[in-house]
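To keep things clear, I will list the structure first and then write my remarks on it.
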Amino acid sequence: MATEDHGVLISLEDYERAAERSMDAGAHGYAYGGAGDEITLRDNLASWRRLAIRPRMLVGVGTRDWSVTLLGARRPHPLIIAPMAFQRLAHRDGELATAEAAAATGSVMCLSTLATTGAAELAQAVPNSSRWFQLYVFTDRGVSRELVAQAVEHGYEALVLTVDLPAFGVRERDLRSRVRSASAEMVASAVAAGASGAMSPADFAALIDPDLNWSDLERFAAESPLPVIVKGILTPEDAELAVEHGARAIVVSNHGGRQLDTVLSGADALPPIADAVGDRVDVFVDGGIRRGTDVLKALALGARAVMIGRPVLWGLAVDGAAGATRVLEILLGELDLALALSGAGSAEKLDHGFVCPAHWVAHGR
Ligand SMILES: Cc1cc2nc3c(=O)[nH]c(=O)nc-3n(C[C@H](O)[C@H](O)[C@H](O)COP(=O)(O)O)c2cc1C
């Protein structure tokens, strides 16, 4: 695809570079950056590249099947748009454009609690997108209850409870740029929780309850009319607890390397978690997925689907809904080719036999 300003954009990395040129430096640093020395951020990408694919031949791959079952429903493919706060910092159309990209590609979109578009407005503007609602539980539980009620009323199909942000990871890029992620007024949930004026990302995070615990999850899951997905699990011990306390699915995630630096990557955390929970709940993974081959490896290691974060923002920043759509289409095209050339043919046929440790040195390209 050729766009006027950015030349030919054929990979997610092309969009990443183009987005850096399109975005204000503070907003770009907020979206791009990770916590501390950004070791986990870099390892999120490198860990998929430490895996090699073991392809099988002569199996007949003329008809490929990308479809998967998520929370009991058939979906056309395994891509979910990760919840990301403040999308109007990337493009004026923000979450509405992301929802259009979700609808255009049959992806599930997960709307953040800290979205710059309300849950009701998004559902009314793009009614045909599949949507989940990501919940940060605020210290003011009444506001969180109201957010859940809105999600239920407006056709969100699941609640994604993010559990890896009891405190805010130190992102040095943001401290240096002094980015103000948004005025509180852009984020309706924050206003409801009592915020006002210019806010840094850390100011928004201070609204979140640091004392959330497993019994809260149990109560919440028991009372919730929607299935509850727990996002931010990195150990089989916690995966087991999440299942015991009512989670219907787990997202293996380190929050895109933005919380505790030097925690393990999703790719490294996934296999023991998938083994521990088996078929009891769906397991999803995110962090550093930039190629169709990364998606294939995630499914082979036991994920049912993957969440895609930053690349969607890069598409959004470059060309609004069309850019975010194109990013997802590129990834789906690459997944299709990977399914053909690996001999898997279908997303649901992937298993551990399709991957092994790679013996090359993973360059951080
Ligand atoms: C700019 C930005 C904002 C984010 N905001 C949220 C959020 O509001 N809630 C949440 O659960 N995760 C949030 N995340 C984490 C993503 O949901 C996801 O876990 C991560 O971005 C996946 O890694 P990737 O960006 O390498 O694909 C955010 C990530 C980014 C990059």
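In the chain, what % of DSSP beta bridges are antiparallel (nearest 5)? Counting DSSP beta bridges with both partners in the chain, the antiparallel share is about 30 percent.
Taking a ≥ b ≥ c as the square roots of the eigenvalues of the Cα gyration tensor of region 108-219, is the shape rounded (a/c under 1.5), prolate (a/b larger than b/c) or oblate? Before the final figure, lay out the partial values.
On the way: a/c = 1.78, a/b = 1.27, b/c = 1.40.
Here region 108-219 falls in the oblate category.
Here Leu175 and Leu337 are evaluated by their C-beta separation; at R0 = 56 Å the FRET efficiency comes out at 0.85.
Between the amide H of Val160 and those of Phe133, Gln134, Leu135, Ile229, distances stay under 5 Å, these residues lying 5 or more places away or on another chain, with hydrogens modeled in the peptide plane.
Of the residues Asp203, Asp216, Asp164, the one that moves most in a GNM of the chain with alpha-carbon contacts below 10 Å is Asp216. Per-peptide packing, taken as the mean over residues of other Cβ atoms within 10 Å, places 278-286, 102-110 in the sequence 102-110, 278-286 from highest down. With a 1.4 Å probe rolled over the protein heavy atoms of all chains, the accessible area of Trp360, Trp132 falls in the order Trp360, Trp132, largest first.
Considering only beta bridges that DSSP places wholly inside region 118-273, some 20 percent are antiparallel. Given +1 at the Cβ of Lys and Arg, -1 at the Cβ of Asp and Glu and no other charges, the dipole of the chain around its Cα centre is 780 debye to the nearest 20. Taking R0 as 41 Å, what's the FRET efficiency between Ser215 and Met57 from their Cβ-Cβ distance, rounded to 0.05? Efficiency, rounded to the nearest 0.05: 0.20. Converting phi to 3J(HN,Hα) with the Karplus coefficients 6.51, -1.76 and 1.60 and the offset θ = phi - 60°, region 321-331 yields 4, 5, x, 5, 4, 4, 4, 5, 5, 4, 5 Hz in sequence order, with x at every glycine or proline. Among the GluC sites (Glu not before Pro) found in region 1-92, those both in a DSSP coil and sparsely packed, with 10 or fewer other Cβ atoms within 10 Å of their Cβ, are Glu4. Estimated purely from DSSP H runs of n ≥ 4, each contributing -39500 (n - 2.57), the mean residue ellipticity at 222 nm for the chain is -12500 deg cm²/dmol once divided by its residues. Just checking the listed ones, Ala31, Ala324, Ala52: in the Gaussian network model of the chain with Cα springs under 10 Å, the one fluctuating most is Ala52.
Return the carbon/sulfur percentage of the accessible area of the chain, one whole number, probe 1.4 Å, all protein chains in place.
52 percent
Solvent-accessible area per residue in the chain equals 41 Å², computed with a 1.4 angstrom probe and all protein chains kept. Put simply, the amide H of Ser346, placed in the peptide plane, has neighbours under 5 Å in Asp65, leaving out anything fewer than 5 places away on its chain.
Between Gln134, Gln87, Gln124, the residue with the greatest mean-square fluctuation in the GNM of the chain (Cα pairs under 10 Å linked by springs) is Gln124. Under 5 Å from the amide H of Phe86 lie the amide H atoms of Ala115, Thr116, each residue being 5 or more positions distant or on a separate chain, with H modelled from the backbone and absent for Pro and chain starts.
The values are calculated or read from the model by the stated rules, or taken from the named source; none is laboratory data. Keep in mind the model is a prediction, meaning the values are calculated, not measured. All Cβ positions, even for glycine, are placed from backbone atoms using ideal geometry, and neighbour counts span all protein chains on display. Remember, those area values only see protein heavy atoms, side chains included, never the ligands or the DNA or RNA. Shrake-Rupley method; radii C 1.70, N 1.55, O 1.52, S 1.80 Å.
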